[in-house]
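First up is the structure itself, then whatever we jot down about it.
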Amino acid sequence: MGHVRKLFILAMLVNFIFHLSAQEALTAKQIQQRSIDATRVDGTEAISTLTIINEKGEMRIRKMATVTKLYDNGSLEKKLVRFIAPADVEGTGFLTFDHADSDDEKWMYLPALRKTRRIVSSENAKSFMGSEFSYADMSIPTVEDFAYRLLTDEIVGGEPCWSIEITPNDEDIEDEYGFSKKISYISTHDFVLRKAVYFDRYGEEEKVMEVKAVREIDPQKHTYRMMEIEMTNVQDNRRSILTIDQIQFNPSIPDDYFTTRYLAR
């Protein structure tokens, strides 16, 4: 029995070393792609809270319902967000088609105007519903739009992370996303982003995004959702916190939900 136990421990050690070596061999770009894949869930339904805190500490709280679904073998994620409270934003809707290899498509429905408006790429860097999150933050950037460089590994919230410097490939992409550089901290354990630091067009630190909680949504595919994200603007001391209050795995969301017709209902 002692011999069998030693063989088992040796096999586990070899497997661990092989796994560790395979991860160490990954490039910064490959780590970024794995991070994106780790949060591509087949389908979800969720209720979330968006808390917007100004420089004086005053808060505005908004509730929203969100559904998501993957298409084309995971290369396309469709997402519908509908605000359900308070009354001044109730019925406002946001629809996005998040393409892995091409520009995303985004629409906003404004019930007061009874109008659906296409969000063009030049608006991506603008604030989403008055928060510190931008329209670009509501979807995943196209990997090929950026250059990647591995920096020194760091511990973030007790989690060992790769740190990756991400820079736009040209000025048009920089203008679209609203940052000249981003440092992302991605867990070496589950590939989920734990923190990101954004630098403005002048190279100054502007915003810090911290992921406070992560949950595995699909245990079979090991895909995750960030359950609480805090975005802080270090230049004007404004903060926004996005918290998922309830979520369930549902890959059978009706396709009709992800249309501009349904968005305007």
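The values are calculated or read from the model by the stated rules, or taken from the named source; none is laboratory data. Please read these numbers as outputs of a predicted model, since none were measured by experiment. Every residue, glycine among them, receives a Cβ derived from its backbone with ideal geometry; neighbour counts consider all protein chains shown.
Residues that are within 30 Å of SER240 (Cα to Cα), of a type in the set (Val, Ile, Thr) and modelled with pLDDT of 95 or more: does segment 10-28 have at least one? Checking segment 10-28: not a single residue is within 30 Å of SER240 (Cα to Cα), of a type in the set (Val, Ile, Thr) and modelled with pLDDT of 95 or more.
Conditions (1) at pLDDT 95 or above; (2) touching a strand residue (DSSP E or B) at 6+ places or on another chain (Cβ under 7 Å); (3) under 19 Å from THR243 (Cα atoms), marked per residue:
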residue	(1), (2), (3)
SER122	no, no, no
TYR135	yes, yes, yes
THR142	no, no, no
TRP162	yes, yes, no
ASN169	yes, yes, no
LYS181	yes, yes, no
TYR185	yes, yes, no
GLU206	yes, yes, no
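In segment 161-209, which residue that is among the basic types (Lys, Arg) and more than 16 Å from the chain's Cα centre (by Cα) is farthest from ALA125 (Cα to Cα)? Among them, the one singled out is LYS181. The residues of segment 161-179 that are closer than 17 Å to MET209 by Cα and buried (at least 18 other Cβ atoms within 10 Å of the Cβ), listed by number, are CYS161, TRP162, SER163, ILE164, ILE166, TYR177, GLY178, PHE179. Selection within segment 239-264: residues that are among the small types (Gly, Ala, Ser) and surrounded by 14 or more Cβ atoms within 10 Å (Cβ to Cβ). The member of this set that is modelled with the lowest pLDDT is ALA264.
Residue check: ARG194 meets all listed conditions (1) surrounded by fewer than 17 Cβ atoms within 10 Å (Cβ to Cβ); (2) closer than 27 Å to MET59 by Cβ; (3) basic (Lys, Arg) but one, namely (1).
Conditions (1) at negative phi; (2) not aliphatic (A, V, I, L, M), marked per residue:
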{"site": "GLY74", "(1), (2)": "no, yes"}
{"site": "ARG82", "(1), (2)": "yes, yes"}
{"site": "PRO86", "(1), (2)": "yes, yes"}
{"site": "LEU113", "(1), (2)": "yes, no"}
{"site": "LYS126", "(1), (2)": "yes, yes"}
{"site": "SER134", "(1), (2)": "yes, yes"}
{"site": "SER139", "(1), (2)": "yes, yes"}
{"site": "THR142", "(1), (2)": "yes, yes"}
{"site": "LEU150", "(1), (2)": "yes, no"}
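Scanning segment 90-104 for residues that are out of contact with any Pro (no Cβ under 9 Å at 6 or more places or on another chain) and surrounded by 17 or more Cβ atoms within 10 Å (Cβ to Cβ) gives PHE94, LEU95, THR96, PHE97, ASP98, HIS99, ALA100.
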